[in-house]
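Coordinate-derived values only; no laboratory data. From a predicted model like this one, the values you see are computed outputs, not experimental measurements. All Cβ positions, even for glycine, are placed from backbone atoms using ideal geometry, and neighbour counts span all protein chains on display.
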Amino acid sequence: MPVQRAAAHASFAYDTAVVGLGYVGLPTALALHDSGLRVLGLDVSDARIADIRAGRADLLAADRQRVASALTTDAADESGGAFVLTSDASLLPEAETVLVCVPTPIDEHLAPDLTALRAACRTAVEHAVPGQTLVLTSTTYVGCTRDLLVGPLRDRGFEVGVDIFVAFAPERIDPGNDRHVQQQVPRVVGGVTPECVKRAAALLEHCAGSVHAVSSVEAAEMTKLYENTFRAVNISMANEFADISRGLGLDITEVITAAATKPYGFMPFFPGPGVGGHCIPCDPHYLLWQLRGDRVSSPLIETAMTLVAGRPTKVVQRVVEVLAERETCIVGARVLIRGVAYKPGVADVRESPALEIIERLRRAGARVWFADELVDTVRVGGVEMTSVAEPGSMDWDLVIVHTLHPGADVSWLSNVPAVLDTTYRLGELTHRSVL
C-alpha cells in the first residue's frame with residue numbers, strides 16, 4: 001500500500017506505542033507513562049494483557065503497583081486514557097513513536113529465531129504513517145534494522161529521514177534488579193539520519209538516565225552484541241577459574257572478592273551453574289550466526305559460548321561425583337533442585353540451566369524434584385513438575401542449590417546429607433560441595 005505523502009498527521013492520540021509487553025516492553029511502557037506521556041501498549045496475546053490487568057505479570061513489586069496505578073488512573077481519565085493496553089494493531093497509526101520490544105530467542109540449532117521480530121516489524125511497517133518515528137529495541141544482528149524496517153518502509157514509498165524516521169536503541173533492562181532502574185541507565189541510540197537520532201532521543205530521554213548517540217543503526221546494534229558477549233566471555237572465565245580453584249583447594253568467591261578491591265582494570269564476574277534468560281545465552285549467537293554466513297571465525301567467542309552451554313552438564317557430573325563419595329548411586333537417587341529461575345528475584349525460567357540439569361539427571365536415572373517460591377510449575381521433557389512447598393520436611397540424597405531468591409530461608413539445608421552449591425554463596429555449610 002503506497003504512502004499518502006500529503007497526509008502527515010498534525011497530531012497523534014498517543015505519544016508512543018510499545019509493541020510487545022514482555023520483560024522489556026512493559027517496564028518501558030510504564031517508565032514512559034510515569035514521565036507524563038500518553039502510552040499505547042500493544043501485545044498480540046490477549047492472555048498477556050489479561051495477566052497484566054490482573055496483576056499477574058512477573059514484575060518487581062513496585063512495578064506491579066505502577067501498573068495498577070496507571071490502569072486505575074486512566075480508567076477515570078476523560079481525555080481518552082494515557083495508558084491503554086490492546087491487541088488491536090490498527091491503533092498504531094495514532095502513535096507518534098513506535099517502539100518494537102519483542103523477544104529475539106535462538107532455536108535448537110543456535111540460530112536466530114526472528115519469528116516474533118519479523119512479525120512485529122511487519123505490523124509496524126504496515127501501519128506506519130508520515131511523521132512517525134519507529135525505534136527497534138530488540139537485540140539482533142548487525143543490519144537487522146535496515147532489513148526489517150528501513151527497506152520495507154522504502155518499499156511502501158516512505159523516504160526515511162524525511163517523512164518517517166527510524167532508529168535502533170537496544171534495551172538495557174535488568175529484570176528483578178531494582179538497583180539499576182531503567183530511568184537511571186543511559187541508552188544508546190543510532191539512527192538512519194541525524195534527524196532520526198534526534199527524534200528517537202527525544203523520546204528515550206523520558207525513560208533513561210541519558211542518551212548516547214552513535215553514528216549509525218549498525219553501531220548501536222553492535223553495541224548491544226558487544227555488551228552481552230563481554231558478559232558471556234567473562235562468565236565462562238569465572239567458571240573456569242572456579243574449577244581451577246576447587247582443584248587447588250581455594251575458595252573462588254574469596255579470590256574474586258579480593259581481586260575486586262582493585263579500583264581499576266577489573267570487573268567481578270562470579271561462577272554458577274550456567275546462564276539463562278533472554279540475553280547472555282542468546283545474543284552472542286546472533287553475532288556468531290552472522291559471522292558464519294560471512295565465513296569469519298571468532299574463536300574466543302565460540303569457545304566461551306561452548307563453555308557456557310556445557311556448564312549444566314558439569315553440574316550433573318558433579319552430582320554423580322558427590323553422590324559417589326557418599327556411596328550413593330545416581331540411579332534412583334532423590335535429588336532436589338533449589339530454585340529453577342534463571343536468576344534471583346524473577347519467576348523467569350527462559351533458558352534456565354536448571355531445566356537442562358533436571359532433564360540430564362532424569363536421563364541418568366535420578367528422581368528429581370524442584371522447589372522455587374516464585375515458580376509454581378515447569379515443564380521439562382513434556383512432563384509438568386510442581387514446586388515442592390516444604391522441601392525441608394522431606395528426605396533428599398542431595399540438594400542442588402541453583403537459585404537463591406532474596407530473603408530465601410535455606411536453614412533447612414543444614415539437615416541435608418549432601419548439598420551441591422552452584423551459587424558458591426553458602427560457605428557456612430560445612431557439608432556442601434561446589435562445582
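Quick one: longest stretch of the chain between exposed loop GluC sites (Glu not before Pro), exposed meaning at most 16 other C-beta atoms within 10 Å and loop per DSSP? Free of exposed loop sites, the longest segment is 206-326. Counting beta carbons within 10 Å around each of 294, 147, 163 and listing the fewest first gives the order 294, 147, 163.
Which net charge results for the neighbourhood of residue 212, defined as the other residues with beta-carbon distances under 13 angstrom from its beta-carbon, given Lys and Arg at +1 and Asp and Glu at -1?
On the way: positive: 172, 187, 224; negative: 205, 227.
Summing Lys/Arg as +1 and Asp/Glu as -1 gives +1.
Springs between alpha-carbon atoms under 10 Å, Gaussian network over the chain: tell me which of 263, 299, 103 tops the mean-square fluctuations. Taking springs between Cα atoms under 10 Å, the residue moving most is 263. Between residue 292 and residue 155, the contour length at 0.36 nm per residue exceeds the Cα-Cα span by 46.4 nm.
How much length is gained if the chain between residue 54 and residue 334 is pulled fully straight, taking 0.36 nm per residue apart and subtracting their Cα-Cα distance, in nm to one decimal? Don't skip to the answer; put the middle values down first.
Details: separation 280, 0.36 × 280 = 100.80 nm, distance 3.74 nm.
Taking 0.36 nm per residue and subtracting the Cα distance, the gain is 97.1 nm.
Each Lys or Arg adds one and each Asp or Glu subtracts one; over the other residues with Cβ under 13 Å from the Cβ of residue 252, this totals -3.
Relative contact order for the stretch 11-215: what is it in percent, counting Cα pairs under 8 Å that are at least 6 residues apart? Once normalised by length, the contact order is 19 percent.
This model, with +1 at the C-beta of Lys and Arg and -1 at the C-beta of Asp and Glu, gives the stretch 30-175 a dipole about its Cα centre of some 120 debye.
Straight-distance candidates among the lysines for linking to residue 314, with alpha-carbon spacing under 21 Å and chain neighbours fewer than 8 residues away dropped: 343.
Per the Kirkwood formula on distinct C-alpha pairs, the Rh of the stretch 11-215 is how many angstrom? Provide the component values of the computation, followed by the final result.
Working: mean 1/r = 0.0587 Å⁻¹.
Roughly 17.0 Å, rounded to one decimal.
If each DSSP helix of 4+ residues adds -39,500 (n - 2.57) and the sum is divided by the residues in the chain, what number results at 222 nm, nearest 500 deg cm²/dmol? Dividing the helical sum by the residues of the chain leaves -11000 deg cm²/dmol.
Under a Gaussian network description of the chain, with springs only between Cα atoms under 10 Å, the residue in 273, 152, 353 that fluctuates furthest is 152. Contact order, relative form, for the stretch 254-434: 21 percent (alpha carbon pairs under 8 Å, 6 or more residues apart, mean separation divided by residue count).
Mean separation of Cα pairs under 8 Å and 6 or more residues apart, divided by the residue count, gives the chain a relative contact order of 11 percent.
Normalised by residue number, the volume inside the convex hull of the Cα atoms of the chain is 156 Å³ per residue.
Put a dot 7 Å past the Cα of residue 183, heading toward its Cβ, do the same for residue 108, and the two dots end up 4.5 nm apart.
Cβ under 14 Å from residue 386's Cβ, residue 386 left aside: what net charge do those residues give with Lys, Arg +1 and Asp, Glu -1?
Numbers: positive: 379; negative: 372, 373, 376, 384, 390.
Neighbour charge sum, excluding residue 386 itself: -4.
Please report, in debye to the nearest 20, how large the charge dipole of the stretch 378-435 is about its Cα centre when each Lys and Arg carries +1 at its beta carbon and each Asp and Glu carries -1 there.
On the way: 3 positive and 7 negative charges, 41 e Å.
Charge dipole, the stretch 378-435, about its Cα centre: 200 debye, nearest 20.
Along the charge dipole of the chain, Cβ charges K/R +1 and D/E -1, which of 144, 82, 263 sits furthest on the positive end? Toward the positive end, the furthest listed residue is 263. Screening the chain for whole DSSP H helices of 27 Å or more along their axis (Cα) with average Kyte-Doolittle hydropathy at least 0.0 returns 299-325. Charged side chains reduced to their Cβ positions (Lys and Arg at +1, Asp and Glu at -1) give the stretch 154-233 a dipole of some 140 debye around its Cα centre.
Which one of 45, 71, 222 has its Cα pushed farthest toward the positive end of the charge dipole of the chain, where Lys and Arg give +1 and Asp and Glu give -1 at the Cβ? Farthest towards the positive end: 222. For residue 134, nonlocal amide neighbours, meaning residues 5 or more places apart or on other chains whose placed amide H falls under 5 Å from its own, are 98, 165, 166, 167. Counting beta carbons within 10 Å around each of 300, 136 and listing the fewest first gives the order 300, 136.
The order of 433, 297, going from fewest to most other C-beta atoms within 10 Å of their C-beta, is 297, 433.
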